[in-house]
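**Student:** Pasting a structure below so you can have a look.
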């Protein structure tokens, strides 16, 4: 069993981007990070994104509207950023407060600045194998992890557990694409799937993105499979100072011995999400410069 080290692969991508941005004369790429409210996970994610952008040489612009902001006020802020030629990428951190319609917010971001890849246009481009679009960061990170770990999906049975807009749907589309590293045969499972273990046992590559702690057990995985664990769940643990430990959607201790390769949690898919956001921001800058 080989561990797929997301920290190392993300660090490699960040080093590549740092070298690329250092070559840019004049204005550097700029990423606007909008965080509404003080959700603790959102605070730490946005801080991490800001620090990583600074490390690379990307200008990170953090905007903190009040948690009481209305939908229309948030739209006005996004419109302002859409119109600003000095901003290349826009990310509105989710979750957002309950008065905000998240999908409407993703749609409001100009497609050429939608570096989170969650707008209608960019999701459509993924479906059309159009390389000019932006792929949402976690699915893009999964594909990069597989490629850099020598896993070619061509002809493989890829089973995705979860159908979210953030991970499940886009990663299924990416694995299906007609391009090097993809060309997988894809099955998408979810909470309504009958005989789930029967299907997951057929997977050459199993991608677990269901949001349930340690849901995938050893008897659900085929010997020699590659397992990508997208989940990040907090489980109570009195022995930890924080009072909890982080686990994935896969029961690691049971599943890992059966795998040829597996991602740990933490340190697997997580670090890749931020690295791919930075990659998308540099791409947005390049596309804007070429127009």
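**Student:** Specify which of the listed residues (255, 274) is crowded, with 18+ Cβ neighbours inside 10 Å, in a helix (DSSP H, G or I) and more than 22 Å from the chain's Cα centre (by Cα).
**Tutor:** The match here is 255.
**Student:** Condition first: touching a strand residue (DSSP E or B) at 6+ places or on another chain (Cβ under 6 Å), modelled with pLDDT of 95 or more and either at positive phi or surrounded by 23 or more Cβ atoms within 10 Å (Cβ to Cβ) (or both). Can you find one or more residues in region 123-146 that meet it?
**Tutor:** The answer is yes; a qualifying residue exists.
Results for (1) closer than 20 Å to residue 285 by Cα; (2) without any contact (Cβ under 8 Å) to a residue 24 or more places away in the chain; (3) in a strand (DSSP E or B), shown as yes or no for each residue.
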| position | (1), (2), (3) |
| --- | --- |
| 54 | yes, yes, no |
| 62 | yes, no, yes |
| 72 | no, yes, no |
| 75 | no, no, no |
| 80 | yes, yes, no |
| 100 | no, no, no |
| 104 | no, no, no |
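**Student:** Which one of the conditions (1) part of a strand (DSSP E or B); (2) on the phi > 0 side of the Ramachandran plot does residue 245 fail to meet, given that it meets all the rest?
**Tutor:** Only one criterion in (1) part of a strand (DSSP E or B); (2) on the phi > 0 side of the Ramachandran plot is unmet by residue 245, namely (2).
**Student:** Something else: Restricting to region 120-171, name every residue that is part of a helix (DSSP H, G or I) and over 24 Å from residue 283 (Cα atoms).
**Tutor:** none
**Student:** Still on this model: Condition first: over 13 Å from residue 174 (Cα atoms) and touching a helix residue (DSSP H, G or I) at 6+ places or on another chain (Cβ under 6 Å). Now tell me which residues in region 146-162 satisfy that.
**Tutor:** Answer for region 146-162, where residues must be over 13 Å from residue 174 (Cα atoms) and touching a helix residue (DSSP H, G or I) at 6+ places or on another chain (Cβ under 6 Å): 148, 162.
**Student:** In this structure, does residue 211 turn out to be surrounded by 23 or more Cβ atoms within 10 Å (Cβ to Cβ) and within 22 Å of the chain's Cα centre (by Cα)?
**Tutor:** On the way: surrounded by 23 or more Cβ atoms within 10 Å (Cβ to Cβ): no; within 22 Å of the chain's Cα centre (by Cα): yes.
Criteria not met by residue 211.
**Student:** Looking at (1) modelled with pLDDT under 95; (2) out of contact with any strand residue (DSSP E or B) (no Cβ under 6 Å at 6 or more places or on another chain), which is the only condition residue 236 fails?
**Tutor:** Every listed condition holds for residue 236 apart from (2).
**Student:** Within region 30-40, can one find any residue that is in a loop (DSSP other than H, G, I, E, B), surrounded by 19 or more Cβ atoms within 10 Å (Cβ to Cβ), without any contact (Cβ under 8 Å) to a residue 60 or more places away in the chain and outside the structural domain of residue 149 (by TED's automatic domain parsing)?
**Tutor:** Within region 30-40 (the criterion being in a loop (DSSP other than H, G, I, E, B), surrounded by 19 or more Cβ atoms within 10 Å (Cβ to Cβ), without any contact (Cβ under 8 Å) to a residue 60 or more places away in the chain and outside the structural domain of residue 149 (by TED's automatic domain parsing)), the answer is yes, since at least one residue qualifies.
**Student:** Could you grab me the full set of residues in region 194-213 that are touching a residue at least 24 places away in the same chain (Cβ under 8 Å) and outside any helix (DSSP H, G or I)?
**Tutor:** Answer for region 194-213, where residues must be touching a residue at least 24 places away in the same chain (Cβ under 8 Å) and outside any helix (DSSP H, G or I): 202, 203, 204, 205, 206, 207, 208, 209, 210, 211, 212, 213.
**Student:** Which residues, counting only those in region 1-28, are closer than 20 Å to residue 140 by Cα, touching a residue at least 60 places away in the same chain (Cβ under 8 Å) and in contact with a helix residue (DSSP H, G or I) (Cβ under 6 Å, 6 or more places away or on another chain)?
**Tutor:** Answer for region 1-28, where residues must be closer than 20 Å to residue 140 by Cα, touching a residue at least 60 places away in the same chain (Cβ under 8 Å) and in contact with a helix residue (DSSP H, G or I) (Cβ under 6 Å, 6 or more places away or on another chain): 4, 6, 7, 9, 10, 13, 14, 17.
**Student:** Counting only residues that are more than 16 Å from residue 161 (Cα to Cα) and either touching a residue at least 60 places away in the same chain (Cβ under 8 Å) or surrounded by 17 or more Cβ atoms within 10 Å (Cβ to Cβ) (or both), how many does region 214-249 have?
**Tutor:** Residues of region 214-249 that are more than 16 Å from residue 161 (Cα to Cα), as a first pass: 223-224, 234-247.
From what is left, the residues that are either touching a residue at least 60 places away in the same chain (Cβ under 8 Å) or surrounded by 17 or more Cβ atoms within 10 Å (Cβ to Cβ) (or both) are 246-247.
Selection size over region 214-249: 2.
**Student:** For residue 56, are the conditions met, namely being outside the structural domain of residue 221 (by TED's automatic domain parsing), within 30 Å of residue 224 (Cα to Cα), crowded, with 21+ Cβ neighbours inside 10 Å and at pLDDT 95 or above?
**Tutor:** When the stated conditions are applied, residue 56 does not pass them.
The values are calculated or read from the model by the stated rules, or taken from the named source; none is laboratory data. What you see is a predicted model; the values in this text were computed from it and never measured. Glycine gets a Cβ as well: all are built from the backbone with ideal geometry, and neighbour counts include every protein chain shown.
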